[in-house]
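The values are calculated or read from the model by the stated rules, or taken from the named source; none is laboratory data. Keep in mind the model is a prediction, meaning the values are calculated, not measured. FYI the Cβ positions are ideal-geometry reconstructions off the backbone, even for glycines, and counts take in every protein chain you see. Keep in mind that these areas ignore ligands, DNA and RNA; they rest on the heavy atoms of the full protein, side chains included. Shrake-Rupley method; radii C 1.70, N 1.55, O 1.52, S 1.80 Å.
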Amino acid sequence: MDKYLRAKMDGFVAADELKHAQLYPYFREIESEQDTVVTINGRSVLMFGSNSYLGLTNHPKLKEASIKAIEKYGTGCAGSRFLNGTLKIHIELEEALAQYLQKESVLLYSTGFQANLGCLAPLAGRNDYIFIDELVHASIIDATRLSFGKVVKYRHNDMTSLESQLRRADTDGANGSKIIIMDGVFSMEGDIANLSGITRLADQYGATVIVDDAHSIGVLGHNGIGTGSHFGLHDKVDVMIGTFSKSLASLGGFVAADRALINYLKHHSRALIFSASMTPASAATTLAAIEIIQSEPERIEKLWQNTHYAMGRLRSAGFELGHTESPILPIYIRDQTKTFQFAKMMADDGVFVNPVVAPAVRPSDTLIRFSLMATHTFGQIDHAIDAMIHNAKLLELFDEMPAMNAHS
């Protein structure tokens, strides 16, 4: 290793410093299934750090589907979709997804991250503009870096800022495509994209709208089909991108759009052509999850009951939750050290939450990411929030905090 690379490796000490302070919160080893309660170091821990919004990871129908797919197709495909890696079950999933999402066509990717890379990079050329919300997911940022388009950020959910950038592109003589891409639900802040404003501006300036619905599928809209449906603007969303690793309790990603765009990606998307296809087990699990979401709408209803209950308790307790409108509840600490301390104290109390610090958020916006599942009970939520109130008092996060069990 050359001396410059070695210096970079040796200069990275942040993780070791956190470990020395016994505050390192990453790569925690879970010894059980992902559920509302998990096992860590032999202890039962309440899980409030999962993206399994509908609590399907342990559903017997999903397990059965996965096992049967392995028995029929084996464990992997040993190639890309472009060559030897397209199985019948992949086509079945694409067709089922297209019907579920009410889009003409769907293309599968091995992960949600790859779906963003594989969609955006081949669509934007040198004469094209990509407009991104400043708080988009890292996969969208990386996708723009792979494209040849000109990337323009607009202030978070700020339509005045977006319109200013669109107008400037026209003034600069833009003679190519204009693509607006944003998260449907923002993964750290929990708020929802201003799709009404975005689609209005897209119509006005002739732009394409792409929504990353990773945290929206199974959460927002009719039958959980996403942000567009949530606003009654499903047909205004030109391209949907998503993942199977959250509500759908599997692994993989997709792009949903009209047939022409999907056909173009099939023959131009390097992230598809040069990656192995998703495993048969993952495809079968996703198929089963789609069936359950449609046949058991009460799961989404329960998710929102839990969300509103927890949101109400946390806000009445004095925690700052920003503008969240989803099962992702950001508890702003706004101090990096206290954010790590809070997460450690919660872990000691048997509650798993995720500390979020820079670069995932601005240094001034460090937070605890508290996420709900449909399978959480109110009792579990109360236990976690009581622990948060107690630990907030110990850390002196607020001048005044209410007593525990204030809900009773």
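Checked against (1) polar (S, T, N, Q); (2) in contact with a helix residue (DSSP H, G or I) (Cβ under 6 Å, 6 or more places away or on another chain); (3) open to solvent by less than 30 Å² (accessible area, probe 1.4 Å), Gln114 passes all but a single condition, namely (3). Taking helices (runs of 4 or more DSSP H) as the structural unit, those lying wholly within segment 257-352 and holding at least 3 residues that are at pLDDT 95 or above and buried (at least 21 other Cβ atoms within 10 Å of the Cβ) correspond to 280-295, 298-317, 336-348.
Yes or no, residue by residue, for (1) open to solvent by less than 20 Å² (accessible area, probe 1.4 Å); (2) under 26 Å from the mean Cα position of the chain (by Cα):
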{"site": "Glu29", "(1), (2)": "no, yes"}
{"site": "Asn41", "(1), (2)": "no, no"}
{"site": "Met47", "(1), (2)": "yes, yes"}
{"site": "Gly79", "(1), (2)": "yes, no"}
{"site": "Leu107", "(1), (2)": "yes, yes"}
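Right, Asp133: surrounded by 15 or more Cβ atoms within 10 Å (Cβ to Cβ) and under 19 Å from Phe113 (Cα atoms) or not? Yes; evaluated as a whole, the condition is true for this residue.
The set of residues from segment 56-75 being farther than 18 Å from Lys302 by Cβ and open to solvent by less than 40 Å² (accessible area, probe 1.4 Å) comprises Ala65, Ser66, Ala69, Gly74.
Total residues in segment 220-254 satisfying the condition of being of a type in the set (S, T, N, Q), surrounded by fewer than 24 Cβ atoms within 10 Å (Cβ to Cβ) and out of contact with any Gly (no Cβ under 7 Å at 6 or more places or on another chain): the figure is 1.
Can you pull out the residues in segment 227-248 that are over 19 Å from Met373 (Cβ atoms), of a type outside the set (D, E, K, R) and not in a helix (DSSP H, G or I)?
Initially, segment 227-248 is screened for residues over 19 Å from Met373 (Cβ atoms), giving 227-241.
Adding the requirement that they be of a type outside the set (D, E, K, R) leaves 227-234, 237, 239-241.
The answer is Phe231, Gly232, Leu233, Val237, Val239, Met240, Ile241.
Only one entry in Gly125, Gly76, Gly149, Gly85 is over 30 Å from Ile328 (Cα atoms) and in contact with an Asp or Glu (Cβ under 7 Å, 6 or more places away or on another chain), namely Gly149.
Rundown of residues vs (1) assigned to a helix (DSSP H, G or I); (2) more than 28 Å from Gln204 (Cα to Cα); (3) in contact (Cβ under 8 Å) with a residue 60 or more places away in the chain; (4) acidic (Asp, Glu), yes/no style:
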position: Lys68; (1), (2), (3), (4): yes, yes, yes, no
position: Gly76; (1), (2), (3), (4): no, yes, yes, no
position: Ala121; (1), (2), (3), (4): yes, no, yes, no
position: Arg167; (1), (2), (3), (4): yes, no, no, no
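Considering segment 249-293 alone, what residues qualify as being charged (D, E, K, R) and more than 22 Å from the chain's Cα centre (by Cα)?
In the first step, residues of segment 249-293 are kept if they are charged (D, E, K, R); the result is 258-259, 266, 270, 291.
Residues satisfying the conditions are Asp258, Arg259, Lys266, Arg270.
Met188 passes every criterion in (1) outside any loop (DSSP other than H, G, I, E, B); (2) surrounded by fewer than 22 Cβ atoms within 10 Å (Cβ to Cβ) apart from (1). Applying the criterion of being over 21 Å from Ala193 (Cα atoms) and outside any loop (DSSP other than H, G, I, E, B) to the residues of segment 169-183, the residue that is least open to solvent (accessible area, probe 1.4 Å) is Ala169. Right, Leu93: of a type outside the set (D, E, K, R), assigned to a loop (DSSP other than H, G, I, E, B) and closer than 20 Å to Gly242 by Cβ or not? So Leu93 fails the test.
Restricting attention to segment 218-236, does a residue exist that is closer than 19 Å to Leu120 by Cβ and either more than 22 Å from the chain's Cα centre (by Cα) or of a type in the set (Phe, Trp, Tyr) (or both)? No, because not a single residue in segment 218-236 is closer than 19 Å to Leu120 by Cβ and either more than 22 Å from the chain's Cα centre (by Cα) or of a type in the set (Phe, Trp, Tyr) (or both).
Of the residues that make up segment 169-178, is at least one of a type in the set (Gly, Ala, Ser) and under 26 Å from Arg369 (Cβ atoms)?
No.
Apart from one condition, Leu97 fits all of (1) surrounded by 21 or more Cβ atoms within 10 Å (Cβ to Cβ); (2) in contact with a Lys or Arg (Cβ under 6 Å, 6 or more places away or on another chain); the exception is (2). Close contacts from segment 267-278, counting a first residue that is within 14 Å of Thr111 (Cα to Cα) and β-branched (Val, Ile, Thr) and a second that is open to solvent by less than 30 Å² (accessible area, probe 1.4 Å) and in a strand (DSSP E or B), with Cβ to Cβ under 6 Å and a gap of 6+ residues or different chains, come to Ile273/Ser80.
Of all the residues that make up segment 202-219, how many are surrounded by 21 or more Cβ atoms within 10 Å (Cβ to Cβ) and either farther than 25 Å from Ala138 by Cβ or in contact with a helix residue (DSSP H, G or I) (Cβ under 9 Å, 6 or more places away or on another chain) (or both)?
So in segment 202-219, the residues surrounded by 21 or more Cβ atoms within 10 Å (Cβ to Cβ) come out as 202, 207, 209-219.
Narrowing further to those that are either farther than 25 Å from Ala138 by Cβ or in contact with a helix residue (DSSP H, G or I) (Cβ under 9 Å, 6 or more places away or on another chain) (or both): 202, 207, 209-214, 216-219.
Residues in segment 202-219 being surrounded by 21 or more Cβ atoms within 10 Å (Cβ to Cβ) and either farther than 25 Å from Ala138 by Cβ or in contact with a helix residue (DSSP H, G or I) (Cβ under 9 Å, 6 or more places away or on another chain) (or both): 12 in total.
Among residues of segment 335-364 that are within 18 Å of His20 (Cβ to Cβ), those with a beta-carbon under 6 Å from a residue that is outside any loop (DSSP other than H, G, I, E, B) and open to solvent by 60 Å² or more (accessible area, probe 1.4 Å) at least six positions away or on a different chain give the pairs Val357/Gln336.
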